[in-house]
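**Student:** Take this structure, written in structure tokens, and hold onto it; I'll ask about it next.
The values are calculated or read from the model by the stated rules, or taken from the named source; none is laboratory data. Just so we're clear, the structure is a prediction, and the values are computed from it rather than from any experiment. Positions of Cβ are backbone-derived with ideal geometry, glycine not excepted, and every protein chain shown enters the neighbour counts.
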Amino acid sequence: MLLTAEVQAEYGRRYGGSGDVSPIDAEHFLAPHGVFLLGHVGDEPVAMGGWRRGGPAGDGDGELKRMYVRPAWTRRGVARLLLAELERSAVEAGLTRLVLETGTAQPEAIALYRSSGYRDVPAFGFYADYDDSVHLAKELR
């Protein structure tokens, strides 16, 4: 998929290496275990992101993964719309919290999440021991 390759290249550019190496399986995002969305403007794919069930607090958590907006579409509210739809679908699926891991080399992502109500939580998951990892969560209503 085009956007997956783009986000992996971006992670590689920002962090070195070949991108995000955390274990991920497309089946994790199939209902009822998760959701994965692809945003389009006309026929053009412009954004993607998903959540998969589970996290530090168990099955009430969902973990956000692979939020990405193509560079030509940043700073237009696309990420905020995508995040809102992911949160809405998580509530609909019965989740009570979304968690995520991002990195210090992604200040725009950190700003989006914090301005959307995500707060720092203790480190968890694959990147728990990485010094440049930021761990955030939001209680869903």
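**Student:** When the stretch 110-141 is examined, which residues are found to be in a strand (DSSP E or B) and either in contact (Cβ under 8 Å) with a residue 60 or more places away in the chain or among the hydrophobic types (A, V, I, L, M, F, W, C) (or both)?
**Tutor:** 134, 136, 137
**Student:** Any idea which residue in the stretch 41-69 is nearest to the chain's Cα centre (by Cα), counting only those that are of a type in the set (D, E, K, R) and on the phi < 0 side of the Ramachandran plot?
**Tutor:** Out of the qualifying residues, it is 65.
**Student:** Can you find, within the stretch 1-31, the residue that is nearest to residue 105 (Cα to Cα) among those that are touching a Lys or Arg at 6+ places or on another chain (Cβ under 8 Å) and in a helix (DSSP H, G or I)?
**Tutor:** 7
**Student:** Which residues, counting only those in the stretch 2-59, are of a type in the set (D, E, K, R) and either surrounded by fewer than 18 Cβ atoms within 10 Å (Cβ to Cβ) or at pLDDT 95 or above (or both)?
**Tutor:** Result: 6, 10, 13, 14, 25, 27, 43, 44, 52, 53, 59.
**Student:** So which residues in the stretch 117-141 are under 13 Å from the mean Cα position of the chain (by Cα) and not aliphatic (A, V, I, L, M)?
**Tutor:** 118, 135, 138
**Student:** Which residue is surrounded by the fewest Cβ atoms within 10 Å (Cβ to Cβ), if the candidates are limited to the stretch 96-111 and must be in contact with a helix residue (DSSP H, G or I) (Cβ under 9 Å, 6 or more places away or on another chain) and among the hydrophobic types (A, V, I, L, M, F, W, C)?
**Tutor:** 105
**Student:** OK, next. Could you go through the stretch 114-123 and let me know if any residue there is charged (D, E, K, R), loosely packed, with under 14 Cβ neighbours inside 10 Å, out of contact with any strand residue (DSSP E or B) (no Cβ under 7 Å at 6 or more places or on another chain) and modelled with pLDDT of 95 or more. Talk me through it step by step, then tell me what you get.
**Tutor:** Filtering the stretch 114-123 for residues charged (D, E, K, R) gives 114, 119-120.
Filter once more, keeping what is loosely packed, with under 14 Cβ neighbours inside 10 Å: 119-120.
Okay, now just the ones that are also out of contact with any strand residue (DSSP E or B) (no Cβ under 7 Å at 6 or more places or on another chain), so none.
So far as the stretch 114-123 goes, no, none of its residues is charged (D, E, K, R), loosely packed, with under 14 Cβ neighbours inside 10 Å, out of contact with any strand residue (DSSP E or B) (no Cβ under 7 Å at 6 or more places or on another chain) and modelled with pLDDT of 95 or more.
**Student:** Further question: Condition first: of a type in the set (D, E, K, R), at pLDDT below 95 and under 27 Å from residue 81 (Cβ atoms). Now tell me which residues in the stretch 124-141 satisfy that.
**Tutor:** Answer for the stretch 124-141, where residues must be of a type in the set (D, E, K, R), at pLDDT below 95 and under 27 Å from residue 81 (Cβ atoms): just 141.
**Student:** On the basis of being buried (at least 21 other Cβ atoms within 10 Å of the Cβ), part of a helix (DSSP H, G or I) and modelled with pLDDT of 95 or more, does residue 82 make the cut?
**Tutor:** For residue 82, the condition - buried (at least 21 other Cβ atoms within 10 Å of the Cβ), part of a helix (DSSP H, G or I) and modelled with pLDDT of 95 or more - is met.
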